[in-house]
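The values are calculated or read from the model by the stated rules, or taken from the named source; none is laboratory data. Predicted model, so just to flag it, every value in this text is computed and none were measured. Cβ: placed from backbone, ideal geometry, glycine included. Neighbour counts: every protein chain shown.
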Amino acid sequence: MSAKTIAIAADHGGVDLKALIVAQLSEQSYEVLDLGTDGSASVDYPDYAYAVCKTIIDGKAESGILVCGSGIGMSIAANRYPEIRAALVHDRLSAELCRQHNNANVLCLGARLLGVAVAQDCVNAFVSTAFEGGRHQGRIDKLSSPE
């Protein structure tokens, strides 16, 4: 796996924004694994969230991006896996903080809630921001072991 491999998927509500993000990341020399969907026909968002999560868990991608109408469904589905820390963000600062403090490995976006420029800015912040570690690491460890 390349450290620059990003898995991405969307449901029918996020397919147009996903296509723009795929182009954006490709232009920035990331390897993008586009896991669908590719059309406007109604699909079930959990199927696409699970595909991205499994790609990360299997080591085929370092991180992922999920897009649906609100981003909420995708984030709920992705966070079913203990290895996944999916963050629904609405601006650059939340995208930076989800990486710095939470070591998020999946970015969730709401295509119906964000403009294209804001969404692309969130993607840029997510892929360029590092986890700070330190005092945050113990908290991250607790996320995978809630008992």
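Quick check on segment 13-66: of everything there that is within 17 Å of Asp121 (Cα to Cα) and in a loop (DSSP other than H, G, I, E, B), which residue is nearest to the chain's Cα centre (by Cα)?
The extreme case among them is Gly14.
So for segment 108-117 (the condition being within 27 Å of Gly39 (Cβ to Cβ), touching a Leu at 6+ places or on another chain (Cβ under 7 Å) and part of a helix (DSSP H, G or I)), does at least one residue qualify?
For segment 108-117, residues within 27 Å of Gly39 (Cβ to Cβ), touching a Leu at 6+ places or on another chain (Cβ under 7 Å) and part of a helix (DSSP H, G or I): present.
Please verify whether segment 82-89 includes one or more residues that are surrounded by fewer than 18 Cβ atoms within 10 Å (Cβ to Cβ) and in contact with a helix residue (DSSP H, G or I) (Cβ under 8 Å, 6 or more places away or on another chain).
So far as segment 82-89 goes, yes, one or more of its residues are surrounded by fewer than 18 Cβ atoms within 10 Å (Cβ to Cβ) and in contact with a helix residue (DSSP H, G or I) (Cβ under 8 Å, 6 or more places away or on another chain).
Hey, among the residues in segment 1-41 that are touching a residue at least 12 places away in the same chain (Cβ under 8 Å) and charged (D, E, K, R), which one's surrounded by the most Cβ atoms within 10 Å (Cβ to Cβ)?
Residue satisfying both the conditions and the ranking: Lys18.
Sort out which residues of segment 44-55 are surrounded by 15 or more Cβ atoms within 10 Å (Cβ to Cβ) and either touching a helix residue (DSSP H, G or I) at 6+ places or on another chain (Cβ under 9 Å) or among the charged types (D, E, K, R) (or both), and write them in order of number. It would help to see each step written out before you state the result.
Initial filter on segment 44-55 (surrounded by 15 or more Cβ atoms within 10 Å (Cβ to Cβ)): 45-46, 48-55.
Of everything in segment 44-55, those that are surrounded by 15 or more Cβ atoms within 10 Å (Cβ to Cβ) and either touching a helix residue (DSSP H, G or I) at 6+ places or on another chain (Cβ under 9 Å) or among the charged types (D, E, K, R) (or both) turn out to be Tyr45, Pro46, Tyr48, Ala49, Tyr50, Val52, Cys53, Lys54.
Looking at the structure I just gave you, is Gln120 out of contact with any strand residue (DSSP E or B) (no Cβ under 7 Å at 6 or more places or on another chain), part of a helix (DSSP H, G or I) and modelled with pLDDT under 95?
When the stated conditions are applied, Gln120 does not pass them.
Would you mind telling me which numbered condition in (1) buried (at least 17 other Cβ atoms within 10 Å of the Cβ); (2) touching a residue at least 24 places away in the same chain (Cβ under 8 Å); (3) more than 18 Å from Thr5 (Cβ to Cβ) Ile140 fails?
(1)
Just checking, does segment 99-108 include any residue being buried (at least 17 other Cβ atoms within 10 Å of the Cβ), modelled with pLDDT of 95 or more, closer than 12 Å to Asp11 by Cβ and not small (Gly, Ala, Ser)?
Taking every residue of segment 99-108 in turn, at least one turns out to be buried (at least 17 other Cβ atoms within 10 Å of the Cβ), modelled with pLDDT of 95 or more, closer than 12 Å to Asp11 by Cβ and not small (Gly, Ala, Ser).
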